[in-house]
Amino acid sequence: MADHHFDGIRIRNLYKIFGPNAASHVEAVRNGLSKTELNAQFGHVLGLKDINIEMPSGCIQVIMGLSGSGKSTLIRHINRLIDPTAGEVLVNGVDVVKMNEMELREFRRHQTAMVFQKFALLPHRNVLDNTLYGLEVQGVERAKAVDTAMRWIERVGLKGFESKYPNQLSGGMQQRVGLARALSNDAPVLLMDEAYSALDPLIRMDMQTVLLDLQKEIKKTVVFITHDLDEALRLGDQIAILRDGEVIQQGTSQDIVLRPADAYIANFVKEVNRGRVIHVEAVMAPVAPDHPVNGATLLAGSSIEDAIKVLAHGDAKDLIVVNPAGMPLGVVDLKTLASAAVTNN
Ligand SMILES: Nc1ncnc2c1ncn2[C@@H]1O[C@H](COP(=O)(O)OP(=O)(O)OP(=O)(O)O)[C@@H](O)[C@H]1O
């Protein structure tokens, strides 16, 4: 069947079953055999079931789920560190599953870069030589590789640390090296597998900010795995939530916080800082015809918390939410904002 071209990563009807006769069980799983049943009756493990996700290029796609939900299995299909039992993994229209060995090697080297939780730095190479490692493997000449690597070292905030060795750096700094190395490859797809999960909370927030700032410029197709909902909501343009190998909800942070698909997700969402996540559009009221036209404004996409800060520290009674062109979309006042920040509606 011909597939219309999709810029980005498109995963279709992907199944992964672990065990010696995996392929022979796909049909049964398709027809409803559960992970527990598959394991009890046939001794096979259901890793992924009928995954369908479209990750547009230039966006951060978060895959979130608890331990064992299938996150690592899923991300490893994208550069085919794992072969699927059934399904397609299309990257910019090309099915990774169908690539031969040489195509796959080229694809991994030039189309994808990976950032790991454990940094995976080479201990006997300094920051510069760790950063340019991928370029070296690609056969890029030294002067050019140094040039590129130095640019990214500076960009991730490590200027001056080029000749330090990994054991002389904190975890956060090592993760910056991992990021600089991945970015030096200039691959359009960036795969981040629990990249920040080993970092202290404050460092982790810093690294999230680094990624968000960089992404405005680099516009990579980022696949970011995490088991942390706050991280998912902060980073994800799109979020897919996995449980027992199945996607149970996908959408934006707004979709997930405002409309959790089931009790399981609602339970996670309960702990979220709503003021920081929910956008003003979700709670604004229509602008009354007699509303002063030159009132205080706030850009759509701002959080409830941002709006509360403006109102709490200024004289305005309410704020008109406007689109980037300045067109009024609605209005918010302090009471509406405060109640949305604390209640589960
Ligand atoms: N090589 C394998 N053989 C058998 N089962 C496997 C294999 N790899 C993963 N699994 C199983 O597949 C399921 C998904 O595992 P996966 O590692 O992808 O989850 P995860 O969400 O990444 O968890 P974690 O956060 O703990 O890494 C689990 O039930 C796991 O036990």
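For the chain, modelled as a GNM whose springs connect Cα atoms under 10 angstrom apart, the maximal fluctuation among Gly70, Gly43, Gly314 occurs at Gly314. The trypsin sites (Lys or Arg not before Pro) of region 246-330 that DSSP puts in a loop, and whose beta carbon has at most 13 other beta carbons within 10 Å, are Lys270, Lys317. Starting from a Cα-only point model with no solvent, please compute log10 I(q)/I(0) by Debye for region 78-215 at q = 0.09, 0.14 1/Å. For region 78-215 at q = 0.09, 0.14 Å⁻¹, log10 I(q)/I(0) is -0.29, -0.67. Considering only the Cα atoms of the chain, their convex hull presents on average a projected area of 22.0 nm².
Between Leu329 and Tyr264, how high is the FRET efficiency from 1/(1 + (r/R0)^6) when r is the Cβ-Cβ distance and R₀ = 51 Å? Nearest 0.05.
Working: r = 33 Å, r/R0 = 0.64.
Efficiency computed from Cβ-Cβ geometry: 0.95.
Take every pair of alpha-carbon atoms less than 8 Å apart whose residues are at least six positions apart; their mean separation over the length of region 275-342 yields a relative contact order of 40 percent.
Sites listed here are GluC sites (Glu not before Pro) in region 239-345 whose DSSP assignment is loop and whose Cβ has at most 10 other Cβ atoms within 10 Å: Glu271. In this simple spin-label approximation, Lys219 and Gln117 carry label points 7 Å from Cα along the Cα→Cβ vector, and these lie 3.3 nm apart. Specify the angular offset, from 0 to 90 degrees and rounded to the nearest 10, of the alpha carbon long axis of helix 101-111 from the longest principal axis of the alpha carbons in the chain. So the inclination is approximately 30 degrees.
Write down, largest first, the equivalent ellipsoid semi-axes of region 229-345 in whole Å, where each equals the square root of 5 times an eigenvalue of the alpha-carbon gyration tensor. All intermediate terms of the calculation are to be shown ahead of the outcome.
Numbers: eigenvalues 181, 39, 26 Å².
Result for region 229-345: semi-axes of 30, 14, 11 Å.
Between the helical axis of 201-218 and the longest alpha-carbon principal axis of the chain there is an angle of about 90 degrees.
How large is the dipole of region 275-342 about the Cα centre if only Lys and Arg carry +1 and Asp and Glu carry -1, each at its Cβ, rounded to the nearest 20 debye?
Details: 4 positive and 7 negative charges, 25 e Å.
Rounded to the nearest 20 debye, it is 120 debye.
Each residue of region 89-94 was assigned a 3J(HN,Hα) from its phi angle through the Karplus expression (A = 6.51, B = -1.76, C = 1.60, θ = phi - 60°), giving 10, 9, 10, 6, x, 9 Hz with x at Gly and Pro.
Extension gain for the segment Asn100 to Asp83, taken as residue separation times 0.36 nm less the Cα-Cα distance, is 4.9 nm to one decimal. Excluding same-chain pairs closer than 8 in sequence, count the lysine pairs in region 8-272 whose Cα atoms lie under 13 Å apart. Within region 8-272, the lysine pair count is 5. Relative to the longest principal axis of the Cα atoms of the chain, the long axis of helix 142-155 makes an angle of roughly 30 degrees.
What order, most packed first, do the peptides 148-154, 209-215 have when packing is the mean number of other Cβ atoms within 10 Å of each residue?
Details: 148-154: 19.9, 209-215: 15.9.
Most protected by this proxy first, the peptides run 148-154, 209-215.
What is the magnitude of the charge dipole of the chain about its Cα centre, with +1 placed on the Cβ of each Lys and Arg, -1 on the Cβ of each Asp and Glu, and no other charges, expressed in debye to the nearest 20?
Working: 36 positive and 41 negative charges, 134 e Å.
Around 640 debye, computed over the chain.
So what is the diffusion coefficient of region 275-342 in µm² per second by Stokes-Einstein at 20 °C and 1.002 mPa s, using a Kirkwood Rh over Cα pairs? In µm²/s, the coefficient is 184.
Quick note: the coordinates plus some simple rules give every number you see, no bench work behind them. On a predicted model such as this, the values are computed, not experimentally measured, just so you know. As a convention, Cβ positions derive from the backbone with ideal geometry for all residues, glycine included, and neighbour counts pool all protein chains shown.
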